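Reviewing the structure listed below.
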Amino acid sequence: MASWGQPAFRARQIYRQLQVNHAGGGAEMTDLPKALRERLEAEARVRTLREVTVLRADQGLTRKILLQLPDGSPVETVLMVYPDRATVCVSSQSGCPMRCTFCATGKLGHLHDLTAGQIVEQVMWAAREVKAVAAEHPGHPDRVTNLVFMGMGEPFNNYANWWASVERLHDPQGFNLGARNFTVSTVGLVPGIRRLATEPLPVNLAISLHAPDDETRAKMMPVNRRYPIADLLAAVRDYLEQTRRRVSFEYVLLQEENDRPEQARLLTEVLRDPAHALPPQLFHVNLIPWNPVPGAPLARSHRERVRAFQKALRDRHVPCTVRVERGTDIAAACGQLAGTAG
Ligand code: SAH
């Protein structure tokens, strides 16, 4: 604005238009003088992502927004609206370099790191979409209340951009989302976990564990060769000591791969092992029955096996929940984001 000879307060006005009103371009910034609005519309780009389609499931309460970078690479964002909250699941990369065998995004490989602006932009798309949902479903929230970094990509593999997006979305003068309403999920990059422990904003942390032993985990997640379970849990222990904030361990259940009774037992032993010294009141396990990925020679655990696994953990005093599913029929559920129209 300074270079356009405009007063400084115009910059704040525009920032508010973007972050509070989710304006898609200068034309929508109705509190600006007409000439400035037109110049913005002509010369400034607000969006760098192109909307390709919006797919709906669960009577429109779940929506997958398929976006594209200028070169056509996919970026997917999922909105899940509940009576008491509206959660947006955001991508931190287009594709993903981590190549977990059970995840559709890993099959794409690493296409791009998203900029902070591109991460924020997904939330702006979702913020507009949630208003449309609320119009169709009276009594449901009309604003985004929770944000999970569980879409495409590994947030800690794009740490600086990812964190810049958190700070921007947290800004009380802007989007104003409380730190505790953010959750970041990591494949288990130890340096990222250590770095997060030092950040000033208390966002929630989820760890993709998925197996109780290195052999099984390395088969599913190549990252385990770099950061085996003992190193991962040492970083989590230090994180818990520093922050005293509860973490969750995600555990995707694959029939006969990692859902056997002895693996449930081993998992409780690992998590409660005095050598790892994890404070028991500061973690829980979130089971995710595997969502189908085309071409993956794997099977989803049967419902009884999910229940038995959960019971085995609870019986040994490890708090354990099963993730409620949304959007499997539009390929919007965990691990199904691969830039396809569903
Ligand atoms: N890269 C981050 C965020 C990715 S996705 C991470 O790995 O944590 C969020 C969760 O969905 C992760 O726990 C991931 O392992 C899990 N997931 C991946 N593919 C899945 C699938 N097909 N079904 C169920 N969960 C899956």
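The values are calculated or read from the model by the stated rules, or taken from the named source; none is laboratory data. As the structure is a computational prediction, the values presented were derived from the model and not from experiment. Positions of Cβ are backbone-derived with ideal geometry, glycine not excepted, and every protein chain shown enters the neighbour counts.
Among the conditions (1) crowded, with 19+ Cβ neighbours inside 10 Å; (2) within 22 Å of Ile193 (Cα to Cα); (3) within 15 Å of the ligand (Cβ to nearest atom), the only one that His284 does not satisfy is (1). For region 188-202, the criterion of being within 30 Å of Glu304 (Cα to Cα), in a strand (DSSP E or B) and within 12 Å of the ligand (Cβ to nearest atom) is satisfied by no residue at all. Scanning region 165-187 for residues that are in a loop (DSSP other than H, G, I, E, B) and within 13 Å of the ligand (Cβ to nearest atom) yields a total of 1. Of note, Gly109 satisfies the criterion of being closer than 25 Å to Pro289 by Cα and in contact (Cβ under 8 Å) with a residue 12 or more places away in the chain. If the condition is being farther than 14 Å from Gly151 by Cα and either within 10 Å of the ligand (Cβ to nearest atom) or more than 15 Å from the chain's Cα centre (by Cα) (or both), then region 82-98 contributes Tyr82, Pro83, Asp84, Arg85. Would region 328-340 turn up any residue that is within 12 Å of the ligand (Cβ to nearest atom), surrounded by fewer than 20 Cβ atoms within 10 Å (Cβ to Cβ), at pLDDT below 95 and not hydrophobic (A, V, I, L, M, F, W, C)? Taking every residue of region 328-340 in turn, at least one turns out to be within 12 Å of the ligand (Cβ to nearest atom), surrounded by fewer than 20 Cβ atoms within 10 Å (Cβ to Cβ), at pLDDT below 95 and not hydrophobic (A, V, I, L, M, F, W, C). Output the residue which, of all residues in region 6-32 that are among the aliphatic types (A, V, I, L, M) and outside any helix (DSSP H, G or I), is surrounded by the fewest Cβ atoms within 10 Å (Cβ to Cβ). This residue is Val20. When the residues of region 227-247 are filtered to those that are crowded, with 20+ Cβ neighbours inside 10 Å and closer than 20 Å to Arg265 by Cβ, the one that is farthest from the ligand (Cβ to nearest atom) is Leu233.
Taking each residue of region 74-91 that is at pLDDT below 95 and looking for partners that are basic (Lys, Arg) with beta-carbon atoms closer than 7 Å, six or more apart or interchain, yields nothing. In this structure, Thr186 does not satisfy being of a type in the set (Val, Ile, Thr), surrounded by fewer than 20 Cβ atoms within 10 Å (Cβ to Cβ) and either touching a residue at least 60 places away in the same chain (Cβ under 8 Å) or out of contact with any Lys or Arg (no Cβ under 8 Å at 6 or more places or on another chain) (or both). When each of Arg217, Arg300, Arg307 is tested for being away from the ligand (no atom under 12 Å from the Cβ), modelled with pLDDT of 95 or more and not hydrophobic (A, V, I, L, M, F, W, C), the lone residue that passes is Arg307. Scanning region 296-314 for residues that are of a type in the set (Gly, Ala, Ser) and crowded, with 18+ Cβ neighbours inside 10 Å gives Ser301, Ala312. Note on region 278-318: residues that are outside any helix (DSSP H, G or I) and either of a type in the set (Lys, Arg) or under 17 Å from Leu253 (Cβ atoms) (or both) total 19. Quick check: is even one residue across region 13-29 basic (Lys, Arg), in contact (Cβ under 8 Å) with a residue 12 or more places away in the chain and farther than 21 Å from Gln118 by Cβ? No, every residue in region 13-29 fails to be basic (Lys, Arg), in contact (Cβ under 8 Å) with a residue 12 or more places away in the chain and farther than 21 Å from Gln118 by Cβ.
Does Ser248 satisfy the condition of being modelled with pLDDT of 95 or more, within 17 Å of Val187 (Cα to Cα) and in contact with a Phe, Trp or Tyr (Cβ under 8 Å, 6 or more places away or on another chain)? Against the criterion (modelled with pLDDT of 95 or more, within 17 Å of Val187 (Cα to Cα) and in contact with a Phe, Trp or Tyr (Cβ under 8 Å, 6 or more places away or on another chain)), Ser248 qualifies.
Selection over region 220-242 of residues that are part of a loop (DSSP other than H, G, I, E, B) and aliphatic (A, V, I, L, M) gives a count of 1. On the stretch given as region 203-212, residues that are in a loop (DSSP other than H, G, I, E, B) and in contact with a Gly (Cβ under 8 Å, 6 or more places away or on another chain) total 1.
Conditions tested, residue by residue: (1) within 16 Å of the ligand (Cβ to nearest atom); (2) crowded, with 17+ Cβ neighbours inside 10 Å.
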position	(1), (2)
Glu121	no, yes
Ala127	no, yes
His137	no, no
Val144	no, yes
Val148	yes, yes
Met152	yes, yes
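Taking the criterion of being within 16 Å of the ligand (Cβ to nearest atom) and of a type in the set (S, T, N, Q), the only residue of region 257-281 that qualifies is Asn258.
Scanning region 33-64 for residues that are closer than 12 Å to Gly339 by Cβ and either among the aromatic types (Phe, Trp, Tyr) or crowded, with 17+ Cβ neighbours inside 10 Å (or both) yields a count of 1.
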